[in-house]
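The values are calculated or read from the model by the stated rules, or taken from the named source; none is laboratory data. These numbers were taken from a predicted model, which means no experiment stands behind them. In this analysis, Cβ positions are derived from the backbone assuming ideal geometry, glycine residues included, and neighbour counts consider all displayed protein chains.
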Amino acid sequence: MKLMKNMGTFDSEDRVKLLSIIDSLRELGISDDIPLPQLVVVGDQSSGKSSLLEGLTGLAFPIASDLCTRFATQIVLRRAPSDHSRIKVSIIPGPEAQGNETQRAHLAAFRHTADNNDFGVEQFSALLSDAAERMGLPRPGTEDVDDLEKRFSNHVLKVELSGPDHPHLSVVDVPGLFHNPTRYQTREDSVIIRDLIENYITDRRTIIMAVMDGRNNLANQEVFRMARAADPTGSRTVGVVTKCDALQLGEEGGILRILQNEAEHLKHGWFAVKNRSAKDIRNNVTIEERHVNEEKFFKTSPWCELERNRVGIRPLKSFLGKLLHEHIREEFPMLVADIAAKLRESKAELAEFGPARQTPAEQRLYLTKIVNQYEAAVDRALAGTYDPGLPSDDPLKLRTHIFNANERFAEKLRKEGYLMAFRGVDNKPDVEFNENAGGPGAEPIYTWIRNWYREARGACLPGTVNPEIVKSLFRQQCIAWNTISESHLATTAEIVRIFSAALYKKCIEDEVVLPRILAKVNPMIESSISAAESQLETILADELSSTLQTINSGFPTALQTTRLQRLEARLRSHGLADNTYSGSSHGTVRAIAGYAHLSIEDQAVYEIHDILKCYYSIAIKRFADNVVNQVVERYLLGREGPVKCFCSEHVSSLGEGELAGLVADDYETSARRTDVKYRIGRLEKALEIARKANM
């Protein structure tokens, strides 16, 4: 294809650099996030827009075809040496492909290169058709268009022409408006196109080149109504009138007033062009001949009345080049600032997702950091080292709450752990035991023991103590230990549960990961608590079901002391004192022995009482310590306990599937994280490119 000779001056170094930067930013997809300075051509399908683009670019657009109506096309002209004269066609992925690497790769694979002389209207038509299919749109000629899933695309077809005769220019062509729906262009399509045009022209960095057919009344031109709504002051709009040569005699006056900026005032004014007509195309009028015919036409009356710099493709191209360059220069500092601001915003958004955890390595690192933080916090809590200012009732004060619970347990066991209150050697109530422990009307302990003793007679010699009686009485005396210790275990287990939940919540900020890890560790916590319950059952069985055993030297000492004190108390009850001597009124040794003598049953009852009391005093302390150390400390707070089940060793043993199940992003979060990371990458590259301009 023969392309037109250069008709404008677009080649200053500054202009080339700026246009190249904007083009690079567009290819990065920055326009998905930040509006870029651009020149956009809008108009009705029948306004001569395609022929105008043909004149501006030298590219033979397919005329009277719907090939270009379902996506935007960017035409980029670049000056290059003859040996680099090429036409390159590619697709710039739009927002719908953002973060979807598969789709982006599919679109990026659409690349075609040809020599200028080998690229004509037929080749262009074929590429437009192939591009539509690559974007998932129907190819021209598709009969079944009623149930199409996708009718338009926000991807952009980029056509780059380079050669020695090309100026530097970039133009975006959007689908044309239409007003009469057909089977192939529905009313729904019309709405979509209108929305697409609005998205482009409402962007404050867009220069609007609005094209109108000179044969149609300006008041009826919807594209100008849209342009006025988007650009009320007309500061971003350039008007172009086509088909001036097709006007009827007498219609020129209204068009002249428009072109002289009187009917519809635009800051940048109006231009008139004469495109190739359908007859010219049939007669194979070249683009070079088109320019010659255009110049001749505007030298005729009444068009010769217009300013020369406002008619024809050459002045229009020159003006657009200068306008676009000045517009880019004016917007560029703010554009760089917008990119930097968007980059900061995107990094903050990424930070909200927390550390990356999309690969197994990232997941293990993320979980390891959490578990290290958790383990350190557990160690501090067990050591009783807390953050300053932590309230006294804060669940993270684990050691404090456990210690207080242990104290309450020991106190409750001391006050309520026995069935019958023991007596002193003087047979009076022992101050350490509550006389009403057995409830109102409960029999005294001696009566209780006597009844048991009588029930057990026959299994041993009269006057002796049957060890089974002591064991049975001890079990009955300690019957409350079961409920008291179980209640204590339930209390401490709940303290641990609340502590664990609070600490996991503190260490795991991610609202998705937290319930996953809790779902993982909660069964482990409950398993440890079940083990603690089993250990408590074992300790209770040792105390209450086994033979009464102790090697505590305090037991025989206490029993011997109690026996002696009981004898002393009985003698004193008969008036004997420490200074009594043989000549006293108490008489003979036999008389004194009579004071100490008891019946066989009474002697057995008191002996059983004292054995039971001495052993109980040792056993209750031992039991309390065992519950605290062997149950609470070992199974709730120890290495295998619930507070330490979430540890670095456990994390190291997790397979990749388990890791992903715990901390991997869900699909939505992963997709959003990927989108944001991709956007950050684009913005960082964009900022680097933009800052190289040194403007």
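A few points about this structure:
- Flag set for GLU362, criterion: surrounded by 14 or more Cβ atoms within 10 Å (Cβ to Cβ) and either in contact (Cβ under 8 Å) with a residue 24 or more places away in the chain or in a helix (DSSP H, G or I) (or both).
- Qualifying position, being touching a helix residue (DSSP H, G or I) at 6+ places or on another chain (Cβ under 9 Å) and either farther than 16 Å from LEU316 by Cβ or in contact (Cβ under 8 Å) with a residue 40 or more places away in the chain (or both), among GLU264, GLU188: GLU264
- Segment 273-287, subset among the β-branched types (Val, Ile, Thr) and assigned to a helix (DSSP H, G or I), residue farthest from LEU316 (Cα to Cα): ILE281
- Only residues that are outside any helix (DSSP H, G or I) and in contact (Cβ under 8 Å) with a residue 12 or more places away in the chain were counted across segment 79-108, and they come to 15.
- Which listed residue is over 19 Å from SER51 (Cα atoms) and of a type in the set (A, V, I, L, M, F, W, C), from ALA227, ALA278, ALA272: ALA227
- Cβ-Cβ under 8 Å pairs, at least 6 apart or on other chains, segment 533-559 side among the aromatic types (Phe, Trp, Tyr), far side surrounded by 13 or more Cβ atoms within 10 Å (Cβ to Cβ) and not in a helix (DSSP H, G or I): none
- Looking at ASP665, ASP610, ASP675, just one residue is outside the structural domain of TRP452 (by TED's automatic domain parsing), in a helix (DSSP H, G or I), charged (D, E, K, R) and more than 30 Å from SER530 (Cβ to Cβ), and that residue is ASP675.
- From the list ARG329, ARG290, ARG344, the lone residue that is out of contact with any strand residue (DSSP E or B) (no Cβ under 8 Å at 6 or more places or on another chain), assigned to a helix (DSSP H, G or I), of a type in the set (D, E, K, R) and crowded, with 19+ Cβ neighbours inside 10 Å is ARG290.
- Out of LYS412, LYS317, one residue alone is in contact with a helix residue (DSSP H, G or I) (Cβ under 7 Å, 6 or more places away or on another chain), part of a helix (DSSP H, G or I) and under 30 Å from THR57 (Cβ atoms). It is LYS317.
- Residue count for segment 463-479, restricted to those that are of a type in the set (Val, Ile, Thr) and on the phi > 0 side of the Ramachandran plot: 0.
- Taken together, ASN406, ASN427, ASN309 contain a single residue that is in the same structural domain as TYR446 (by TED's automatic domain parsing), surrounded by fewer than 17 Cβ atoms within 10 Å (Cβ to Cβ), over 24 Å from the mean Cα position of the chain (by Cα) and not acidic (Asp, Glu), which is ASN427.
- If only residues of segment 527-586 that are at pLDDT 80 or above, assigned to a loop (DSSP other than H, G, I, E, B) and of a type in the set (A, V, I, L, M, F, W, C) are counted, the one that is surrounded by the most Cβ atoms within 10 Å (Cβ to Cβ) is LEU548.
- Residue match in segment 62-81 (condition: acidic (Asp, Glu) and either at pLDDT 85 or above or not assigned by TED's automatic domain parsing to the domain that holds ILE21 (or both)): no
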